[in-house]
Amino acid sequence: MSAHDLSGPLICADSGSSALFGEGGCAPPQPIPTTHNASPPGFPRGLLARWLIQFVRPRGKARGRLFHSGFSALTPTGRKYQSNCVAFVFRLLGPWRTFFRKSCAERGQMMNQGSNLRELGRKLANDKSLVLLAGVILPNALAVGAELFYVGLPPRTLAIVLYGCIAALSGRVRPALLVAAYIAVLAFDTISSIAAAFYIAQIDLVGYLHLGSNINIFASPLYTALAAGFLMLIAANVASIARLRTHAGRGALALLAIGTVITAGWDRIANASPHYDFGPSASAGVPFESAVQQSGFIKLASAQPTKGRHVLLVLVESLGVLVDPSLRDLVSAPLRDAELRERYDLTEGRTVFFGSTSYGEMRELCQTRESYKAVIEGDDPVCLPDLFDQQGYRTVSVHGFNHAFYDRTKWYPKIGFARSIFMENLQTPVRRWCGGPFVGPCDVDLATGIGERLATAKQPQFIYWLTLNTHVPVRVGQATPRFRCKEQGGAFHDIEVCSMAELWADLFQAVAKLAKEHPDLEVLMVGDHAPPLWRRSARAMFEPGLVPWFRLTPRRTEAEEDVMSGAVSSLLRPTR
């Protein structure tokens, strides 16, 4: 798609010029890389297959030693826990264990002998272990496997019970119907887990499925491994359910009930966390608040612009409130630079969030907890871009990702943005690409383009900048190595959180540089939501439900303070 295919004033020319965000004409589309040299390579092709071949070839005991040695980096307690869990699962598998412990040659001989294979199949189909396998083990294997690597999922109690119910109906319902029921529960399980982890309403997530083509999932080794394991488990579970052709006896049903209750109870105890309780629906009855209101930034929209004074609002991807104050200070240190403090007053605070990035945008831009879809459908909230436009500002949005994501080309113009800059319509070639599944220009490079625009602007500018690179999972090594993250996570003792912190610190430094170069620049930086990290230990490093904000205010004369104090903030009406 070319730049000319997009509508209206979003990307077409107007007066003024800028090297990166130029407005001398519609820009040609930027090529979006599938691979690039600026980032570490994705998951090595063939590595997983080679490892599986090396694992399957040895006999049972040798394979067990190989499996155990592969996790030598874990603590002794972790290795013991893992070994016990694996042994427990293999004991439950019954006849399956007999088959898989044989050598490759012996298994091949068994499979070549059709009668022996059919006999083994009948034995497995009539065995209690198959009911337990189809109702408890395989549907929850990915969650249990993740637990071995200290990765936590949102509670899945209802899905676990439904899987058990499907297996309990074996012999009473046709296998085809059981498979269909399993696929339905699997879809519910997947959607509800992802929605809770990323603060998305389940109904919204279904509507976002078409956006998946914009995400390079296989750029993340973690997501690649999860996808491969997920598909293999689906195939195995469908095959096991299809073999449930006889009535499960009392013994099998009792074993299934015990396994389901134990698994559901373990899931509730292990995975319950307040970090999952901040989806959009959780905001009902909670008083509205935003960083724009708390910081007093809202008053700028109702005051006449001073000559040369511009306004910058930065919504920072996944910026959460670190529990440790010393770590918070490390990240925000660039804003406490002595030279900067001579020109600016720094204030900071925290505000509550509900929902994903788009809800964070509506919270700060329009002072509402409604979805952006309400704007598309005709709602007309009073938003900052509209108010700044009325005061004579040029309103511009900047985001380094695809223009179609979250339908931003549809609702940005409706709330008052005269021009929107996305990855596709940057005026100059992108020097560096950053990010994992969400690939885009490096945030700090976009800061350079914003500075050029401010320097050449012919009227006051209101610039809204939505950052990108700290969307999880982040790529290690794309930021200034100030915290020594590769040395066991540096001061954060967690390499993923440390890598995010380095990216945040680089962003803070880039914004501080903009403030130094433009002494009259008003700045507010705020997180959209807390980082949706998969590991419980990493999530626990952040305060649940809170995001920080930082405001840089140019030092003013007393006359200017009097004008600002008279601004009427009630122009924006908060909802819900």
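The values are calculated or read from the model by the stated rules, or taken from the named source; none is laboratory data. If you're wondering where the values come from, they're calculated on a predicted model, not measured in any experiment. Every residue, glycine among them, receives a Cβ derived from its backbone with ideal geometry; neighbour counts consider all protein chains shown. To get the accessible areas, we keep the full protein, side chains included, count just its heavy atoms, and leave off ligands, DNA and RNA. Shrake-Rupley method; radii C 1.70, N 1.55, O 1.52, S 1.80 Å.
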Taking the conditions exactly as written (modelled with pLDDT under 90 and out of contact with any helix residue (DSSP H, G or I) (no Cβ under 6 Å at 6 or more places or on another chain)), does ARG250 satisfy them or not?
yes
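Among the helices (runs of 4 or more DSSP H) contained in region 457-576, which hold 1 or more residues that are assigned by the TED database to the domain that holds GLY416 and modelled with pLDDT of 90 or more? Lay out the reasoning, then the answer.
Numbers: elements: 495-517, 536-539, 558-565.
Fully inside region 457-576 and qualifying: 495-517, 536-539.
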What's the total number of residues in region 168-185 that are of a type in the set (Lys, Arg) and farther than 15 Å from LEU256 by Cβ?
1
Only one of ARG328, ARG268 is closer than 23 Å to PRO532 by Cβ, modelled with pLDDT of 95 or more and either assigned to a helix (DSSP H, G or I) or not aliphatic (A, V, I, L, M) (or both); which?
ARG328
So is VAL382 surrounded by 20 or more Cβ atoms within 10 Å (Cβ to Cβ), more than 23 Å from the chain's Cα centre (by Cα) and of a type in the set (Val, Ile, Thr) or not?
no
Suppose we filter region 519-540 for residues that are surrounded by fewer than 21 Cβ atoms within 10 Å (Cβ to Cβ) and in contact with a strand residue (DSSP E or B) (Cβ under 9 Å, 6 or more places away or on another chain); how many remain?
5
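Within region 228-266, which residues are within 22 Å of the chain's Cα centre (by Cα) and not hydrophobic (A, V, I, L, M, F, W, C)?
GLY229 - this is the single residue of region 228-266 that is within 22 Å of the chain's Cα centre (by Cα) and not hydrophobic (A, V, I, L, M, F, W, C).
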Only one of ARG328, ARG309, ARG343, ARG336 is open to solvent by less than 60 Å² (accessible area, probe 1.4 Å) and among the basic types (Lys, Arg); which?
ARG309
Name the single residue that is farthest from the chain's Cα centre (by Cα) among those in region 406-451 being of a type in the set (Val, Ile, Thr) and more than 21 Å from TYR359 (Cα to Cα).
THR428
Members of region 409-437 found to be closer than 24 Å to MET500 by Cα and either outside any helix (DSSP H, G or I) or of a type in the set (D, E, K, R) (or both), listed by number
PHE422, VAL430, ARG431, ARG432, TRP433, CYS434, GLY435, GLY436, PRO437
